[in-house]
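Let me begin by presenting the structure, written as structure tokens, before commenting on it.
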Amino acid sequence: MKRILAMAVAGGALLAASAAAHAGVSVGINIGAPAVVVAEPAPVYRPAPVYAPAPVVYAPAPVAYAPARPVVVAPVPVRYRPDYRADYRPGYHRAEYREARREWRGREWAHRHDGHGDHRGPGRHWD
């Protein structure tokens, strides 16, 4: 009886070992998308071409247009008084203005040349 019991225990151990061998860890990733299907497109049927003559069109005769006469516009003539001068300044044509200007230019020349007219040396300029 011991022998039968030992054989039963050995058989149970073998069954338990085989069940443990099939117990494994598995990881699965699933993407819920339909499968890609490649199908041939449906045939396209076209009607037969229709040939017809071109329509007859009656157009009116062309009208001749003459260009309009050019319009000439001239500015109004402007006249000035005989004594008007474009460079007019008060006192410009008077003798006292010319004399004052001549004196100023003489003083300026003397200042630039230190009072010497020989043009030698650097001199003083605009001090």
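Note on Arg102 and Tyr65: their simple-model spin labels are 7.2 nm apart, each label 7 Å out from Cα toward Cβ. Given their separation in residues at 0.36 nm each and the Cα-Cα distance between them, Ala39 and Tyr58 gain 1.4 nm when the chain is fully extended.
None of the figures in this text is laboratory data; all of them are computed from the coordinates on show. What you see is a predicted model; the values in this text were computed from it and never measured. Neighbour counts are summed over all protein chains in view; Cβ atoms, including those assigned to glycine, are modelled from backbone coordinates with ideal geometry.
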